[in-house]
Structure formats: structure tokens, C-alpha cells
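Asks: I have a structure I would like to understand better, so I am pasting it below and will then ask my questions one at a time.
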Amino acid sequence: MFQDVYDWAGVPRTCDLRKAMYVDSKETPRQFTPASDIATEAEQIFDELDRRNQLRGLGASEFTNAAAGLFVQINNLHAFREGNGRVQRLFLKELARNAGHELAFEVVTRERMIAVSVAGLDGDVQGAERLFQEISDPRRVGALRKALKFLKDAHSVPWNDLYVATTTAGQRYAGVLVGTANEDYMMRVSEDPQEWIAIGDVCDLPEDRPLSGDEISITAKRF
């Protein structure tokens, strides 16, 4: 992918990499796989992938959970000095297609990808599993694609720095309604540690339809 950009493209890094994160204004670095362990861990990851027949023959839910776990493993490996995220997404899209599934990474903002990646470094794969469920579901993908277009068209909105996700059926959300568009709505959810953008089905909204800017509290029914 980067063979015309870097002389070392495709060559495992020889330096250790850390991601600086801040919790309560204090830096708490997270370390990727040490350079000395990359070859061994990569062999284990991809040998296991071969044993699982490249994830072929799995149902939608089984595939997304397996792919999410693989994503976390590859991201924690972080085998290259540069371009890891782009290579991971390209690899997983092709892996999914060969297994009979589709993944729409283009509806994932940078902020959400960072959050999922950092959680994975801490051993938490739930965020990745939720993300993969969403980007493999045509209904959710369509809603996210529409929402991101709206945010991009509002040129003053730093859309890529927002955590944008669809709602989860049965969960309750409180915040401010941004607006509706056909069968979808967008709301700004107030949750610690920061606000995020939720996309849901308009059937979640009360019959007395709220207006943009209204504070609402709803329970998701569809997504």
C-alpha cells in the first residue's frame, strides 16, 4: 500500500510505539506490541486466522464478533511505523468480502476509531464488536452515511472529531434533538466523559414529535 511512499513499507518496525492518552489531564501512555515480539505475535494471530478458515462460513453475528477481535489484535500489534490504521481497514474489508460480508469503514469517524482502538489496548473489545455490528448492517450504514453527510455539509462542524454511532435497542438516551430526516433522527447525547452523536429510528420519538433543539429522553426500539 505504501511501497511508493516509504522505503520501509511492509517491513515490521524496529522501534517501540506508544500512544499518549490523557486521563484527568494526566498522560497515561499505552504501548503497542514491543518490536521484538511482533514476528511471534503476528505468526500466532494469522495462524489462528488460517485455522478458522479466514472466518468463512460464519453467520453475521459470529463474523462481526470474530472480526472485531481480530481488529483489536492487529491494532495492538501495530506492526509498522506508519499507516497501520489504513492497512488494517483495507485488510479487514477484503477479509470480510472473501467471507461473504461487507464492512463500511467509511461511516466511522476518526474520534470513534481512536476510542475503539484505545479501549482495545486496555483489553476491552466491546466497542469494536459494537462498531463491527454497525458497519456490517445496511440499515445502520445507511443512517450513519446520511448523518455524516449532514455534518460534513455543515462546514463549521468538526465531524471527524465527533463520536457518532447508532442507538442500541433497549437503551435509554437523554440529550438534545438535532433533527430528523425521513426515517432517522440525530441527537446530541449528554454522557460522561463527553457528549456524542446518536443516530436512531424515528419510531423512538414520542408521538408529539419534538422539534430541533428540544431536550428529549427516549428508549431505543429498533437499532
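Asks: Please determine whether any residue of the stretch 144-164 is among the charged types (D, E, K, R), farther than 30 Å from ALA60 by Cβ and touching a strand residue (DSSP E or B) at 6+ places or on another chain (Cβ under 9 Å).
Replies: Checking the stretch 144-164: not a single residue is among the charged types (D, E, K, R), farther than 30 Å from ALA60 by Cβ and touching a strand residue (DSSP E or B) at 6+ places or on another chain (Cβ under 9 Å).
Asks: Given the condition closer than 16 Å to GLY120 by Cβ, at pLDDT 95 or above and surrounded by fewer than 17 Cβ atoms within 10 Å (Cβ to Cβ), answer yes or no: does some residue in the stretch 19-41 qualify?
Replies: Within the stretch 19-41 (the criterion being closer than 16 Å to GLY120 by Cβ, at pLDDT 95 or above and surrounded by fewer than 17 Cβ atoms within 10 Å (Cβ to Cβ)), the answer is yes, since at least one residue qualifies.
Asks: A follow-up question, please. Of the residues GLY170, GLY179, GLY127, GLY142, only one is surrounded by fewer than 18 Cβ atoms within 10 Å (Cβ to Cβ) and not assigned by TED's automatic domain parsing to the domain that holds LEU205; which?
Replies: GLY142
Asks: Looking at the stretch 88-107, which of its residues are more than 22 Å from ILE45 (Cβ to Cβ) and buried (at least 16 other Cβ atoms within 10 Å of the Cβ)?
Replies: Selection gives ALA104, VAL107.
Asks: If you don't mind, another one. If you go through the stretch 12-24 one residue at a time, do you hit one that is touching a Leu at 6+ places or on another chain (Cβ under 8 Å) and within 28 Å of ARG145 (Cβ to Cβ)?
Replies: The answer is no; no qualifying residue exists.
Asks: Can ILE114 be described as surrounded by fewer than 17 Cβ atoms within 10 Å (Cβ to Cβ), under 28 Å from LYS93 (Cα atoms) and hydrophobic (A, V, I, L, M, F, W, C)?
Replies: Taking the combined requirement at face value, the residue satisfies it.
Asks: Only one of (1) aliphatic (A, V, I, L, M); (2) in contact (Cβ under 8 Å) with a residue 24 or more places away in the chain; (3) surrounded by fewer than 18 Cβ atoms within 10 Å (Cβ to Cβ); (4) closer than 22 Å to ASP37 by Cα is not met by ALA119, so which one is it?
Replies: Of (1) aliphatic (A, V, I, L, M); (2) in contact (Cβ under 8 Å) with a residue 24 or more places away in the chain; (3) surrounded by fewer than 18 Cβ atoms within 10 Å (Cβ to Cβ); (4) closer than 22 Å to ASP37 by Cα, only one is false for ALA119: (2).
Asks: Further question: When the stretch 55-87 is examined, which residues are found to be exposed (fewer than 14 other Cβ atoms within 10 Å of the Cβ), without any contact (Cβ under 8 Å) to a residue 60 or more places away in the chain and not in a loop (DSSP other than H, G, I, E, B)?
Replies: GLU62
The values are calculated or read from the model by the stated rules, or taken from the named source; none is laboratory data. Everything quoted here is computed from the prediction, not taken from an experiment. For neighbour counting, all protein chains shown are included, and Cβ atoms are generated from backbone atoms with ideal geometry for every residue, glycine included.
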